[in-house]
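Structure first, commentary second.
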Ligand SMILES: [Zn+2]
């Protein structure tokens, strides 16, 4: 698999909701030196090995800081228990996930079991990873709590999770622009029920999903309408029906609109870039700043691991 083009993209792409397999919930065995921490009054339990105590501390801090906002943004009235496992290898921790999750994943939300697996080695390797993947996976579990009975398109859930985790950056705008320009940006209909297995194509799918979700609410009256929309989906038990009632057009209409809009918007921006040398210089300076920030963050997480 091709290595990621930058660490920021790695963090963006490596959060995936897994909930499509059957089988009864089960409690995996604790490691020999496994520890458990409750974040009471939040209904969150973190399980970790002693050597990963600092990572577990940080995960706990992020939960305490972010959960009240995440819950409020989706209008979840009362939260049910969530378990977070900090593990050296998520795929080996839960063998049933081996076939379900990509090898490049950092953290995974197991919806039906309301469990998040944080792959500690990968999560501390990439820039800002924990600060993004923990809220991202929490979003998946909390949205599942809010709308448990309706299957929703992946582009909507991934766009929502990225918006809640505040993952977007100018680098992502740049990558999305390049994907649109090169024809590598998928249509919504192609990322409704599955995502590309290939990492680079999956990254493009995440970015299109973010654009689709945020544009829908930004142009449709604001993000404060999200709880109302989720309530409609829960009530009608159909994403497509609720979508048409709520927005006044179908999901297919929106797919066409978004495709045309991205083409128009990003093609014109690229033309500006090609004809304006100053814009190019600004972009290079920006990438230098980002690069320095990545190096500093990696150092911080290396220290956390020691
Ligand atoms: Zn996700």
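Bear in mind these aren't lab numbers, they're just calculated from the coordinates by the rules spelled out. Every value quoted in this text rests on a predicted model; they were computed, and no experiment measured them. FYI the Cβ positions are ideal-geometry reconstructions off the backbone, even for glycines, and counts take in every protein chain you see.
Quick check: residue separation of residue 231 and residue 292 times 0.36 nm, minus the Cα distance between them. What number comes out in nm? Mind dumping the intermediate values first?
Numbers: separation 61, 0.36 × 61 = 21.96 nm, distance 4.30 nm.
Here the answer is 17.7 nm.
Sorting 52, 259, 140, 267 on the 10 Å Cβ count, fewest up front, what's the list? Working shown, then result.
Values: 52 22, 259 18, 140 25, 267 12.
Placing the least packed residue first, the sequence is 267, 259, 52, 140.
As an exercise, use a Förster radius of 25 Å and the Cβ-Cβ distance of residue 96 and residue 170 to find the FRET efficiency, rounded to the nearest 0.05. Before the final figure, lay out the partial values.
On the way: r = 39 Å, r/R0 = 1.54.
Efficiency, from the Cβ-Cβ distance: 0.05.
Report the extension gain between residue 240 and residue 69 in nm, rounded to one decimal, defined as 0.36 nm multiplied by the number of residues separating them, less their alpha carbon distance. Before the final figure, lay out the partial values.
Details: separation 171, 0.36 × 171 = 61.56 nm, distance 2.70 nm.
Roughly 58.9 nm would be gained on extension.
Points 7 angstrom from Cα along the Cβ direction at residue 253 and residue 267: gap in nanometres?
If labels sit at residue 253 and residue 267, their model points lie 2.4 nm apart.
Per residue Cα convex hull volume for region 178-217, in cubic angstrom?
On the way: hull volume 2.5 nm³, N = 40.
Taking only Cα atoms, region 178-217 has a hull volume of 63 Å³ per residue.
Which ordering of 156, 217 is given by a fewest-first count of other beta-carbon atoms within 10 Å?
Values: 156 22, 217 18.
Final ranking by Cβ density, sparse to dense: 217, 156.
For 233, 116, which order do you get if you count the other beta carbons within 10 Å of each Cβ and list the fewest first? Please report the intermediate quantities before stating the final value.
Values: 233 23, 116 27.
Fewest-to-most ranking of 233, 116: 233, 116.
Using label points projected 7 Å from each Cα along Cα→Cβ, tell me how many nm separate residue 121 and residue 190, to one decimal.
3.3 nm
Could you tell me which of rounded, prolate or oblate describes region 49-129, using a ≥ b ≥ c as the square roots of the eigenvalues of the alpha-carbon gyration tensor, with rounded for a/c under 1.5 and, failing that, prolate when a/b is larger than b/c and oblate otherwise?
On the way: a/c = 1.91, a/b = 1.34, b/c = 1.43.
Oblate, because a/c is 1.5 or more while a/b does not exceed b/c.
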